Amino acid sequence: MELIELARRLSGLSGPSGFEGPVCEYVANYLHPFADEVYTDVLGSVTAWKRCGKPGAKTVLLDAHMDEIGLVTTGVKDGFLSFATLGGVDPRMLPAREVQVLTEPPLYGVIASMPPHVLSAEDKGKAVPADKLYIDVGLDRQTAERLVPPGTPAVYISAFEELGEHQVCGKALDDRACAAIIIKAFERLCAQDLNVDVCCLVSTQEEVGHRGAKVAAWTAAPHAALVVDVTHGRTPDAPQVVCQCGKGPAVSIGPNINRAMAMELLALAEKKGIPCQRKAEPGGNSGTNAEAVQVSRTGVATALLSLPLKYMHTPVETVCREDMTACVELVTAYVENMEV
Amino acid sequence: MMLDTMETLCCLDGVSGGEDEVRDYILERVMPHADEIRTDPMGNLMVFKRGAKIPDRRIMLCAHMDEVGLIVTDITSEGYLRFAQAGGVNPQVLLGKRVHAGPQRVPGVIGCKAVHLTTPEQRKTLPDLKDMYIDVGASGREEAEKLASIGDLAAFDDTVVRYGDGFVKAKAIDDRVGCATMVELLESELPCDCWFVFTVQEEVGCRGAAVAAVNVEPDVALVLETTTAADLPGVEGADRVCMLGKGIVIPFMDRGTIYDRELYNTLRRLADENAIPWQTKTRIAGGTDGSSVQRSLGGVRVAALSVPVRNIHSPASVAKIAECEAQLKLVRLFLEEMAK
């Protein structure tokens with residue numbers, strides 16, 4: 001399957017943090033035919049192995065997360081569903097938003113918007129806080145209470161769509177676009193003679209604190225890791241953002257990243273003519289799974305490769321196709337290049 | 001049948017000032033059933049059909065073809081489209097929504113910098129409309145200009161969903177439901193002669209109806225419309241305006257019109273006699289083409305029949321299917337009454 005097609009399929013699945021089941025199943029099935037081993041751990045993360053067969057070979061871990069932000073219902077009021085947010089949801093995205101409530105089978109819903117006439121003049125220019133909003137599932141109170149118990153997750157409905165010639169947009173591209181990237185890189189690496197064992201980890205619960213990667217990295221016990229996640233792409237209302245869509249993946253540099261690995265990625269990109277950009281990460285926490293992986297067990301040499309993405313945590317996350325392709329190239333080249 | 005027609009109409013684009021697509025479709029549907037067809041320089045479509053009787057008073061039914069949307073006002077050097085509202089769109093429903101712009105229906109999204117990049121204060125407010133933008137996936141002005149032009153109209157995403165206990169979600173239910181009612185009537189036998197006026201530019205000030213009424217010279221006009229429903233948790237009493245599931249709305253007054261009392265009483269009586277659930281508006285809000293028609297010529301008797309709609313003027317407006325069908329049923333009874 002082509003990279004963009006895989007991203008499209010993954011984007012279309014429902015898997016908010018803690019409820020990644022459908023994504024987990026799809027990823028495990030996809031990896032199964034070409035991996036030496038695939039397993040799903042207790043937190044739902046999927047790990048696939050390609051062993052090089054060379055004695056004493058080191059292990060490199062590729063990570064991207066499968067969970068997306070979402071909502072979780074907290075009750076029923078007048079037939080409408082009250083909800084809390086799951087991960088970093090921007091409340092301004094919610095009014096008149098279509099969602100899928102993840103009952104079995106799922107229910108369609110619309111987050112109702114307050115008409116302007118019931119808003120005070122002062123409230124009109126304001127965002128409505130999430131706790132004042134409700135999901136309309138078109139049911140009466142009794143039916144809604146029966147079908148939707150509190151704690152039912154929900155995700156945005158948003159089709160994967162092409163924007164112009166170079167960009168694609170959809171929900172959950174943070175981080176399923178990168179899940180598609182590492183899966184495609186892993187698929188290519190599986191067909192090659194390598195000097196290292198490769199472990200492809202598609203992890204859960206990143207959006208609520210890098211929880212899936214923490215335990216999966218423990219189990220995998222890698223020597224080195226390449227975490228692939230998204231980073232903000234520059235937009236007109238965020239001109240201060242350094243990374244730009246269309247300029248290739250960003251190689252992060254800072255305390256959360258092994259500097260030698262970062263330099264090697266940059267050198268390799270230059271040598272192979274793969275576009276890439278630099279990103280400074282000043283803190284010990286890059287806000288990605290690199291934070292959990294770097295301090296796993298006795299420490300892991302960890303690099304962070306980021307796909308520039310506009311409108312993070314909205315239903316219209318937007319990335320550049322060429323950046324995705326370049327990211328696959330760079331991940332693949334890096335692992336191919338690793339010595340015993 | 002009526003619902004299918006409405007859904008088809010909702011998927012067409014007709015932002016105020018660009019109603020052509022809607023008009024073309026309606027014209028094709030009604031042409032075989034019309035006795036006379038008129039258009040005017042503004043784009044109104046006026047269709048006359050003979051019925052079993054010639055009524056004492058000339059009757060006009062009226063629904064507007066236009067919908068609220070956006071108009072492209074500028075293209076930035078970075079390739080983003082600036083826009084203004086065409087009609088009253090609540091800015092709270094814009095962020096992170098999909099639109100398609102111009103005759104080529106170029107897909108775009110209304111971007112907004114990621115929640116991570118906002119201050120807590122910014123998350124509680126909305127950007128000014130002038131700072132919002134549409135992203136069509138262009139990397140600069142030149143690329144964007146190939147996709148869109150200043151003056152292009154942009155309409156909301158056009159997927160239709162039936163859900164819950166007899167609800168339908170679509171853009172432009174305001175007022176394609178009225179258009180659908182008139183198309184269905186035109187395709188049936190009528191109890192009396194009737195003019196069907198499909199107007200333009202209702203959303204920008206009931207401008208089309210003003211000239212169409214002069215053209216048709218009605219004695220009696222019945223406006224087929226939608227009206228805002230705020231039947232949401234947290235909104236009490238009269239502020240709810242009307243409620244989905246409580247029946248078709250027969251308004252006595254809104255901000256544009258004090259409806260003719262004789263016609264108002266007739267409609268109420270017909271609904272009661274035929275067991276059609278109805279309600280009136282509990283808040284003097286909104287307006288209809290009735291305002292223009294009533295004060296045209298030497299004065300016209302005007303009434304309205306409105307379908308309650310949640311999230312009106314948003315990409316995800318919601319109506320109860322039974323109430324769309326009730327509009328058609330009650331208009332038919334009204335024409336029978338006029339034929340007496």
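For the stretch A:1-156, what is Rg from Cα atoms divided by 2.2 N^0.38 Å, rounded to two decimals?
Numbers: Rg = 20.2 Å, N = 156, 2.2 N^0.38 = 15.0 Å.
Relative to the 2.2 N^0.38 Å estimate, the stretch A:1-156 comes out at 1.35.
Let me confirm one metric for peptide A:118-127, namely the mean number of other chain beta-carbon atoms within 10 Å of its residues' beta-carbons. List each step's numbers first, then the result.
Working: counts 11, 3, 0, 0, 0, 1, 4, 8, 4, 7.
So the per-residue partner count for this stretch is 4.
Take B:E143 and A:M263, extend 7 Å from each Cα along the Cα→Cβ direction, and tell me the distance between the two endpoints in nm.
Placing both labels 7 Å beyond Cα along the Cβ direction yields 3.4 nm.
Looking at chain A as a GNM with Cα springs under 10 Å, which of A:A185, A:A292, A:A280 has the largest mean-square fluctuation?
A:A280
Once you have the alpha carbon radius of gyration of the stretch A:154-280, what is it after dividing by 2.2 N^0.38 Å, with N set to its residue count? Walk me through the numbers before you get to the answer.
Details: Rg = 16.2 Å, N = 127, 2.2 N^0.38 = 13.9 Å.
That works out to 1.17 for the stretch A:154-280.
For chain B, what relative contact order do you get, as a whole percent, if you take Cα pairs closer than 8 Å and at least 6 residues apart?
Once divided by the residue count of chain B, the mean separation gives 24 percent.
Calculate how many DSSP beta bridges within chain A are antiparallel, expressed in % of all such bridges and rounded to the nearest 5.
60 percent
What fraction, in whole percent, of alpha-carbon pairs in chain A exceed 36 Å separation?
21 percent
Sequence gap at least 6, Cα distance under 8 Å: using those rules, report the relative contact order of the stretch A:70-156 to the nearest whole percent. Walk me through the numbers on the way to the answer.
Values: 167 pairs, mean separation 40.8, N = 87.
Relative contact order here is 47 percent.
Roughly how tilted is helix B:321-339, in degrees to the nearest 10 and between 0 and 90, from the longest Cα axis of chain B?
The two axes meet at around 30 degrees.
Assign unit charges at the C-beta atoms only (+1 for Lys and Arg, -1 for Asp and Glu), then state the dipole size of the stretch B:69-156 relative to its Cα centre in Debye, rounded to the nearest 20.
So the magnitude is around 320 debye.
Before anything else, pin down the relative contact order of chain A: Cα pairs under 8 Å, at least 6 apart, normalised by residue count, whole percent. Could the numbers behind the result be given before it?
Working: 804 pairs, mean separation 78.9, N = 340.
Taking the mean separation of contacting Cα pairs over the length of chain A, I get 23 percent.
Okay, which of the stretch B:318-336 sit inside 12 Å, backbone N to the point 7 Å along the Cα-Cβ direction of B:E273?
B:333-336
Per the Kirkwood formula on distinct C-alpha pairs, the Rh of the stretch B:69-156 is how many angstrom?
Working: mean 1/r = 0.0761 Å⁻¹.
Hydrodynamic radius (Kirkwood, Cα only) of the stretch B:69-156 equals 13.1 Å.
Ignore the peptide's own chain and count Cβ atoms of other chains within 10 Å of each Cβ in A:71-82; give me the average, rounded.
2
Once phi is turned into ³J(HN,Hα) by the Karplus curve 6.51 cos²θ - 1.76 cosθ + 1.60 with θ = phi - 60°, what whole-Hz value does each residue of the stretch A:6-23 show in order, with x for glycine and proline?
For the stretch A:6-23, the Karplus curve yields 5, 4, 4, 4, 5, 4, x, 7, 9, x, x, 3, x, 9, 8, x, x, 6 Hz.
Above 15 angstrom, tally the Cα pairs of the stretch A:263-340 and express them as a % of all pairs, no decimals.
65 percent
Can you work out the PRE-style zone for B:T280? Point 7 Å along Cα to Cβ, and I want the residues of the stretch B:214-248 with backbone N under 12 Å.
Within reach of a label on B:T280, which here means backbone N under 12 Å from a point 7 Å along Cα→Cβ, the stretch B:214-248 contributes nothing.
Give me the distance in nm between label points sitting 7 Å out from Cα along the Cα-to-Cβ direction at A:K124 and A:R9, one decimal.
5.0 nm
Which shape class, rounded, prolate or oblate, goes with the stretch B:1-130 when its Cα gyration tensor gives a ≥ b ≥ c as root eigenvalues, a/c under 1.5 marks rounded, and past that a/b bigger than b/c marks prolate?
Judged from the Cα gyration tensor, the stretch B:1-130 comes out prolate (a/c at least 1.5, a/b above b/c).
Whole-Hz Karplus ³J(HN,Hα) for the stretch A:70-82, in order, using 6.51 cos²θ - 1.76 cosθ + 1.60 and θ = phi - 60°, x for Gly and Pro?
Here the 3J(HN,Hα) series is x, 10, 9, 6, 10, x, 10, 10, 6, x, 8, 9, 7 Hz.
Which of A:F160, A:F34, B:F83 has the fewest other C-beta atoms within 10 Å, and how do the rest follow up to the most?
Final ranking by Cβ density, sparse to dense: A:F34, A:F160, B:F83.
Could you pull the Rg and Dmax for chain B, using just the Cα atoms, both in Å?
When restricted to Cα atoms, chain B yields Rg and Dmax of 20.4, 67 Å.
Any idea what angle helix B:261-273 forms with the longest principal axis of chain B, computed on alpha-carbon atoms, 0 to 90 degrees, nearest 10?
Its long axis makes an angle of about 80 degrees.
What is the percent of Cα-Cα separations in the stretch B:166-281 that go past 17 Å?
66 percent
Expressed in whole Å with the largest first, what are the equivalent ellipsoid semi-axes of the protein assembly as shown derived from the C-alpha gyration tensor as the square root of 5 times each eigenvalue?
Details: eigenvalues 607, 119, 82 Å².
Taking √(5λ) for each eigenvalue gives 55, 24, 20 Å, largest first.
Which FRET efficiency, nearest 0.05, do A:T103 and A:E336 yield, Cβ-Cβ r, R0 51 Å? Provide the component values of the computation, followed by the final result.
Working: r = 45 Å, r/R0 = 0.89.
The value I calculate is 0.65.
Who wins for biggest fluctuation among B:M182, B:M42, B:M60 in a Gaussian network model of chain B, springs between alpha carbons below 10 Å?
B:M42
Please list the non-local residues whose amide H lies under 5 Å from the amide H of B:I75, H modeled 1.01 Å from N, same-chain partners needing a gap of 5 or more.
B:R82
A:E162 versus A:R146, label points 7 Å from Cα toward the beta carbon: distance in nm?
About 4.6 nm separates the two model spin labels.
Would you mind checking the radius of gyration and Dmax of the stretch A:70-156 based on alpha-carbon positions, in Å?
12.8, 41
If r is the Cβ-Cβ distance from A:A191 to A:T74 and R0 is 51 Å, what FRET efficiency results, to the nearest 0.05?
Working: r = 48 Å, r/R0 = 0.94.
Efficiency, rounded to the nearest 0.05: 0.60.
Once you've got the GNM for chain A with C-alpha springs shorter than 10 Å, pick whichever of A:P150, A:P255, A:P105 has the biggest mean-square fluctuation.
A:P105
So if R0 is 45 Å, what FRET efficiency would A:K58 and A:N285 give, r being the distance between their Cβ atoms, rounded to the nearest 0.05?
0.95
Using all Cα-Cα distances in the stretch B:259-299, what percent lands in each 10 angstrom bin from 0 up to the longest?
In order of increasing distance, the bins hold 22, 45, 29, 4 percent.
Each value in this text was obtained by applying a stated rule to the coordinates, not by laboratory testing. Bear in mind that the values here come from a model prediction, so they are computed numbers and not experimental data. Don't worry about glycine lacking a Cβ; one is built from the backbone with ideal geometry, like all the others, and counts go over all protein chains shown.
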